[in-house]
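Novice: Starting off with a structure, shown below.
The values are calculated or read from the model by the stated rules, or taken from the named source; none is laboratory data. Owing to the predicted nature of the structure, the values given are computational and were not obtained by experimental measurement. For neighbour counting, all protein chains shown are included, and Cβ atoms are generated from backbone atoms with ideal geometry for every residue, glycine included. With ligands, DNA and RNA removed, areas are computed over all heavy atoms of the protein, side chains included. Shrake-Rupley method; radii C 1.70, N 1.55, O 1.52, S 1.80 Å.
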Amino acid sequence: MRGLRVPGDWVLPASMFIGTFAWSFVYVSLPFYIQNISPFDTTATLRWTGWILGISSLITVVTAPISGRMGERIDPKIGFIIVQAFQGVGFFLMGLARSLPELFFARLLLGLMGAVSTFAFIMVGRGQGDVRRGVSAIQSGMTLGQVLGPAAGAVVAARLGFKLSFFLAGLMLWGCSAMVGWGVPRHGPARPHEAGVGAASVREVGTVCLLVLAGSTQVFFLTAILPQILPPLGVAPSATLEVGGLVIFATGMAAALGSVMAPRLGDVLGDRRVVPWFLAGSSVMLASLALARDVWSFSVLRFLQVLFIAPIFPLSVAAIAHRASGSAIGFVNSSRIGAAFLGPVVATTLLTWLPPAAVYLALAALGLALLPLVLGLAPRPALREGTVT
């Protein structure tokens, strides 16, 4: 019977895959659902879209560090199970919402429940295994969920209805909670810095937070404005939901490829050297979206842009995961989650006043503005010793 503990090596990455799949499954169709039930004009509906999509992430920016601090004092496995189960309830509430304010309230409650990924990264840092491999496995699971969720969610929402997709996502999250309860071993008290290196400095954690914020914003902004930018690219209004799902699917594949390639490039060239190149390359490709004249050229440029930006999060988190406190990991995770708020809100706000090209150029400038900070950060040997994922 002791062999039943072996699945703990893959249950946590698998649960992160299913959980991320569930969120992406719903997220891709949410702007179209908002547009479908909105009683307001186009401009007001666009503002509601940005806030409904972003409010969960905005609240989780605050609750993720709290989750990190809790993870230092309690078994993070218990925290993971509770948060995931309550998030499932949040998706059921989305399915029951009949108006935009009710939908907004349901999304707000989802943010109050915190982020299971914070507990997942704490569990990896606390475990006895290879931290680099653990972070890589979780990131791979999350990336695969982001890749596969949108296309499936778009098809289910288009063929079976939006509300059913929300209920299915809630059931998926309940399944994740049960999986972790069964297959992940318990963890004892926090053991910070047991890897034999110094604690991550405030400057290092701050730089990682800014990198993750800028990079993730460049990923998360697009979904909220797909209903507005696809018709000018030649997509029929009746086909925007399914085409939008395919665009997100294709660029999710770029995210998966970027995550796989990043560790090899970091090992050969050094993560301090490749991260600025990834950031610059993503910003250039993002600005180039303004030149796209049809959905095919747009998709190719977006694919390349995400291919560049995808490595930022795994490289940054793996660099400090074994040396940072639970609170520090919570703050880094808050930066990623905060980008899921900042991206949609900035994109939809700009698009109410300016053309899509202005959105792309503004977000490209955000990435380029961080280059001096990244280039000026002195290398540390600890980043090259078993921390790149």
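Novice: Where in segment 274-304 is the amide nitrogen less than 15 Å from a point lying 7 Å along the Cα-to-Cβ axis of Leu354?
Specialist: Residues passing the 15 Å test: 286-291.
Novice: Under the 0.36 nm per residue contour assumption, what length would be gained going from the current alpha-carbon distance of Val62 and Ala236 to full extension?
Specialist: Answer, rounded to one decimal: 58.7 nm.
Novice: Just grab the label-to-label distance for Leu291 and Arg73, each label 7 Å out from Cα along the Cβ direction, in nm (one decimal).
Specialist: 5.4 nm
Novice: Which value, in Å² rounded to 10, gives the accessible area of Ser117 with a 1.4 Å probe and all protein chains present?
Specialist: So the heavy atoms of Ser117 present about 10 Å² to solvent.
Novice: Name the residues of segment 234-254 whose amide N is less than 17 Å from a point 7 angstrom out from the Cα of Phe40 along the C-beta direction?
Specialist: Within reach of a label on Phe40: no residues.
Novice: Calculate the all-directions average of the projected area of segment 1-115's alpha-carbon convex hull, and give it in nm².
Specialist: 8.3 nm²
Novice: Moving on to the next point. Given R₀ = 35 Å, FRET efficiency for Arg159-Val202 by Cβ-Cβ distance, to 0.05?
Specialist: FRET efficiency, Arg159 to Val202: 0.10.
Novice: Then there is this: Which value in Å is the Kirkwood Rh of segment 335-376 over different Cα pairs?
Specialist: Its Kirkwood hydrodynamic radius stands at 11.3 Å.
Novice: Measuring from the lowest to the highest alpha carbon on each principal axis, how far does segment 209-265 reach, largest first, in angstroms?
Specialist: 41, 22, 14
Novice: Still on this structure, I have one more. Which translational diffusion coefficient, to the nearest whole µm²/s, is obtained for segment 136-182 from the Stokes-Einstein equation, given a Kirkwood hydrodynamic radius over C-alpha pairs, 37 °C and 0.692 mPa s?
Specialist: In µm²/s, the coefficient is 277.
Novice: Between Phe86 and Trp10, what is the label-to-label distance in nm when each label sits 7 Å out along the Cα-to-Cβ direction?
Specialist: 3.2 nm
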